[in-house]
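Just below is one structure, and these are the notes that go with it.
The values are calculated or read from the model by the stated rules, or taken from the named source; none is laboratory data. It should be emphasised that the depicted structure is a prediction, and the values quoted were computed from it without experimental measurement. Note that we place each Cβ from the backbone using ideal geometry, even for glycine, and neighbour counts take in every protein chain shown. Heavy atoms of the whole protein, side chains included, go into the accessibility calculation; ligands, DNA and RNA do not. Shrake-Rupley method; radii C 1.70, N 1.55, O 1.52, S 1.80 Å.
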Amino acid sequence: MQKDNLSITLFELETLIKPGKVEEVLLEFGKELLRRFDLECFVAEVPMLRLRVEIPEGCGGCSFTFEGSAVKFRICGDVEGLEKPISDLMERLDQVIQHSVYYEFWVNLLEKSPDAVVVVDEHGNVIKCNRKAMEIFGEIEKLPEISGSVWEYRGRFYSVAEYSLGAVRSVILRDITEVKELESAARESEERFRALAEAVPVAVMAYHDGKWIFVNRSAEELTGYTKEEILSGKFWELFPQDEREKISEMMRKRLAGEPLEPYKVRIRRKDGEERVVQVYGTRVVWRGKIGGLVAVVDVTAEEREKKRLEDLTRILELINKILRHDVMNALASAAAFIDIYDETKDEAMLKKSKEAIDRAVMVVRNMREFESVVKEEGLKVVNVREMAERAAKGFGIPINIEGDCEVLADDGLVAVFENLYQNAVQHGETERVDVKIRKAGKHCEIRVADYGRGIPDEIKGRVFEEGFKYGPKASTGFGLYAVKRLIERYGGEVRVEDNEPCGVVFVIRLMCV
Amino acid sequence: MRCELLRIDEVLEVKNSLVFVPDAVAEELKISKVKNVAGAVFPGVIFDGRIYEDRVVAFEFESLKVYRGKEVLEEKNAKTLLTIVDGWSEKAERLLEEVYLKLGNRVVYLGGGAGSLEKQTDCLFIDGKFFSGDVIFVAIPEKFNVAVRHGWKSTEQAYVATRTEGRRIIELDWKPAFDVYAAALSEIGVEISRESFFDVAKAYPFGMAKVRGEDVVRDPLMVDNTDIICAGRVPRNAFLRLMEGDKQSLIEAAKECVETAGNADIVFDCISRVLYLGDDFAREAKNFREASGALTIGEVACKRGFLEFYNKTVVVGDAEG
């Protein structure tokens, strides 16, 4: 073997190791290897391509193997003394094949890409186009001027990406026409929805992930917040603390697609007022995200009316009961005493009969107070002192009234004072009553104090209950109940305390005008 | 396999034969519309160590199994394929390689390139039909020993075939091939022109290096503008040595070739060797005293290793047993 022949042959074979079609490169290399080294056969396998090149076909057992990262080689024939140079050649061929495989893979990927890929030089002259680019542009020498991240060309829209390597620039265009059309359709659909939502007289709101993402004008009116405030504000601020758990559960159910009937909940307006609303809703996909779309109807007035009607029903039932029971009892007693008088001519029976009739009259008079409780008229500004003074007539004990204040109430406030005076005289057997009226911040505090027997601690908590009676002089059991209901109608509160040194104090708090 | 030397009119009487026809009488054969034989037209034929240009060499078989081109891939029993190629056709050379890639060394290949030095002609025929640009194979059940030698010697001058297309050398050392070749010959005192190209170049072929065995010779047959066209393919970046002839070494090579094969039943000897050796070819031919064959345009031989299309070479075959 001549050394220069080996060098020359290695040089010639080296020139065959070049990127290209893998099968052709292996075939040409294999043929020349066999020819120049007088070998018998050559096998190259490229597992990743499932490719096998065998020269000639039907190659038998081989004496020399070389396993590269991409190619496995086998050679038959006398390679004694040539193992190293042949291995070096194969190592290099393996590297080039590996490169070619990946190159071919990427080239095919780019060629078959649904995106248009155009490679241009620094002057915009087209160097290479893939199939999609050919579809769009046809045979072109220069790429049209492209500006912006979205480019319109011949009625279609393309998103634009670029990659530069030195003076060579790749422009990648993705046809987003259909996406744009869908976006446009979605936008029109959303605009129609917004128009409809703004036209309806109920609050329409959409939420996602703990945020409001849409509210209409009616929602502004309902909540007292502007749209911007609602959309940028915190979701939970619209709900009182004790409603949040309920809301959270309802939202979970709605987003999970569980059946959910319309429900009522209280909301808190920007001015602090609470309103009762009925929530109707559904699950929607809003800009690609699952959220809730709800119509919120203010049912505060209806709820109040419902409660008033319930109260009225209850009071009518109460009146009916009193009339049937207490008045009938009193009148029956009076009749019995008269019958006894007719037989005995005992004057005491007449007196007892009169007392029974008086009790019946008292019961009927108390019924008038309940009228105020269920009145539908609105409240008005009244002078508390005047009300207290009007009620003070005819009790036969001193009733001292101090202070003055104006509150939102009605004539029912007179009945409140009459009941408290009556209670002090009848049950407390007091010898005087002191009424003190004063402003306490935004409130008007009214203290009605007697100096009688007082109320035992164990029943203090029950004196305002409907029909509660205590002691031998107990009457209908509705006097203090009426007081409480009237004060609540005025938006105030009433409680009872011990007086010093004896008796009780009824403390009323109403909002000042 | 029995071999006879026949007149052209006698060919009509033979059957199951492969006939080698000298170019000089090929037209007569075409006119005679010979049937039942296959064969080829060569610049000359060899019978018992002598060249004939007016007689036909006929190899008679008990049963002639002849294939055209890739039809031979169906052959399962042959141990040797007598392989006759259109010597001027690069396509036929590629076809030959394709057949080898399928059949490999399951068979011995032995043969040469047919054709005329004077004109383009349909040089192959089967059953009276002439054609070109192809290969014919004759299946022989016996195995042949084959040997290949040329005897050409390398000079100190060598070039890289930096640009080629098949058999065409376009550039040597990045310059027009003819200019480089002419300058190389000029350095050794030989002048060559486009007109004298064939006559001069027959003595100065190219050799492609092999690590084992003789260099493969490429015969520069003609010049086309500045391209040199050889009688076989030249790979791009092939390292080509300029070779020169020495009559004695060529004749010695022929002798060695016969000795290597054991004997010579059949011989294919390149026509350019005849042209180069002139009257001295008779000395080379003495080595083939018991052999018959043809003067060829390129030679084919392969018992093991890669099938090669040789130029300016002697190929002999000796039937085993």
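Quick notes on this one:
- Of everything in region B:151-188 that is in contact (Cβ under 8 Å) with a residue 40 or more places away in the chain and of a type in the set (S, T, N, Q), the residue that is farthest from B:C270 (Cα to Cα) is B:T162.
- Index of the failed condition, A:F11 passing every other in (1) closer than 13 Å to A:I97 by Cα; (2) open to solvent by 80 Å² or more (accessible area, probe 1.4 Å); (3) hydrophobic (A, V, I, L, M, F, W, C); (4) in contact with a strand residue (DSSP E or B) (Cβ under 9 Å, 6 or more places away or on another chain): (1)
- The residue that is nearest to B:I140 (Cα to Cα), among those in region B:1-39 that are in a helix (DSSP H, G or I) and in contact with a strand residue (DSSP E or B) (Cβ under 8 Å, 6 or more places away or on another chain), is B:V11.
- Meets criteria (aliphatic (A, V, I, L, M), surrounded by fewer than 18 Cβ atoms within 10 Å (Cβ to Cβ) and touching a helix residue (DSSP H, G or I) at 6+ places or on another chain (Cβ under 7 Å)) for A:L16: no
- Residue under evaluation B:F42, criteria (1) out of contact with any strand residue (DSSP E or B) (no Cβ under 6 Å at 6 or more places or on another chain); (2) within 17 Å of B:I136 (Cα to Cα), criterion not met: (1)
- Neighbours by Cβ (under 7 Å, 6+ apart or cross-chain): first from region A:18-32, free of Cβ contacts under 8 Å to residues at least 40 places away in the same chain; second assigned to a loop (DSSP other than H, G, I, E, B): A:K31/B:F306; A:E32/B:P235
- Residues in region B:274-293 that are farther than 24 Å from B:E60 by Cβ and either outside any helix (DSSP H, G or I) or free of Cβ contacts under 8 Å to residues at least 60 places away in the same chain (or both): B:L277, B:G278, B:D279, B:D280, B:A282, B:R283, B:E284.
- Test: residue in region A:53-65 that is open to solvent by 10 Å² or more (accessible area, probe 1.4 Å), more than 8 Å from every other protein chain (Cβ to nearest Cβ), in contact with a helix residue (DSSP H, G or I) (Cβ under 9 Å, 6 or more places away or on another chain) and in contact (Cβ under 8 Å) with a residue 24 or more places away in the chain: no
- When every residue of region A:214-221 is checked against the conditions, at least one turns out to be on the phi < 0 side of the Ramachandran plot, under 15 Å from the mean Cα position of the chain (by Cα) and not small (G, A, S).
To keep it simple, each residue is scored yes or no on (1) under 30 Å from A:F11 (Cβ atoms); (2) in a helix (DSSP H, G or I); (3) out of contact with any Ser or Thr (no Cβ under 8 Å at 6 or more places or on another chain).
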{"position": "B:E214", "(1), (2), (3)": "yes, no, yes"}
{"position": "B:V223", "(1), (2), (3)": "yes, no, yes"}
{"position": "B:L242", "(1), (2), (3)": "yes, no, no"}
{"position": "B:C257", "(1), (2), (3)": "yes, yes, yes"}
{"position": "B:A264", "(1), (2), (3)": "no, no, yes"}
{"position": "B:V267", "(1), (2), (3)": "no, no, no"}
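- Unique residue being at the interface with another protein chain (Cβ under 9 Å from one of its Cβ atoms), small (G, A, S) and at positive phi when the list is A:G20, A:G77: A:G77
Here's the yes/no breakdown for (1) surrounded by fewer than 17 Cβ atoms within 10 Å (Cβ to Cβ); (2) away from every other protein chain (no Cβ under 14 Å); (3) in contact with a Phe, Trp or Tyr (Cβ under 8 Å, 6 or more places away or on another chain); (4) of a type in the set (D, E, K, R):
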residue	(1), (2), (3), (4)
B:Y109	no, no, yes, no
B:S116	no, yes, no, no
B:Q157	no, no, no, no
B:R167	no, yes, no, yes
B:A182	no, yes, no, no
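- Strands (runs of 3 or more DSSP E) within region A:381-457 that include 1 or more residues of a type in the set (D, E) and touching a helix residue (DSSP H, G or I) at 6+ places or on another chain (Cβ under 8 Å): A:406-409, A:443-450
- Residue within region B:257-267 that is closer than 27 Å to B:Q157 by Cα and touching a Cys at 6+ places or on another chain (Cβ under 9 Å) present: no
- Of B:E53, B:E13, all but one fail to be touching a residue at least 12 places away in the same chain (Cβ under 8 Å) and either surrounded by fewer than 16 Cβ atoms within 10 Å (Cβ to Cβ) or acidic (D, E) (or both); the exception is B:E53.
- Pick from region A:231-288, criterion small (G, A, S) and under 14 Å from the mean Cα position of the chain (by Cα), ranking: farthest from A:S218 (Cα to Cα): A:A256
- Candidate set: region A:39-52, residues that are aliphatic (A, V, I, L, M) and more than 14 Å from chain B (Cβ to nearest Cβ); chosen: the one least open to solvent (accessible area, probe 1.4 Å): A:V46
- Hits in region B:76-100 - residues which are in contact with a strand residue (DSSP E or B) (Cβ under 6 Å, 6 or more places away or on another chain) and within 14 Å of chain A (Cβ to nearest Cβ): B:L81, B:E93, B:L96
- Which listed residue is within 14 Å of chain A (Cβ to nearest Cβ), in contact (Cβ under 8 Å) with a residue 60 or more places away in the chain, β-branched (V, I, T) and in contact with a His (Cβ under 8 Å, 6 or more places away or on another chain), from B:V217, B:V148: B:V217
- Of all residues making up region A:1-17, the number that are at the interface with another protein chain (Cβ under 7 Å from one of its Cβ atoms), aliphatic (A, V, I, L, M) and either touching a Phe, Trp or Tyr at 6+ places or on another chain (Cβ under 6 Å) or assigned to a helix (DSSP H, G or I) (or both): 2
- Among residues of region B:237-268, those that are open to solvent by 40 Å² or more (accessible area, probe 1.4 Å) and over 12 Å from B:M208 (Cβ atoms), counted: 12
- Of the residues making up region B:229-241, those that are of a type outside the set (F, W, Y), within 14 Å of chain A (Cβ to nearest Cβ) and out of contact with any Lys or Arg (no Cβ under 6 Å at 6 or more places or on another chain) are B:P235, B:R236, B:N237, B:A238, B:L240, B:R241.
- Candidate set from region A:160-184 (those that are closer than 22 Å to A:L109 by Cβ and acidic (D, E)); member that is surrounded by the fewest Cβ atoms within 10 Å (Cβ to Cβ): A:E162
- Looking across region A:404-439 at every residue that is open to solvent by 30 Å² or more (accessible area, probe 1.4 Å) and under 50 Å from the mean Cα position of the chain (by Cα), the one that is nearest to A:F506 (Cα to Cα) is identified as A:K436.
- Looking only at residues of region B:272-301 that are more than 27 Å from B:V108 (Cβ to Cβ) and over 16 Å from the mean Cα position of the chain (by Cα), we find that the one that is surrounded by the fewest Cβ atoms within 10 Å (Cβ to Cβ) is B:D279.
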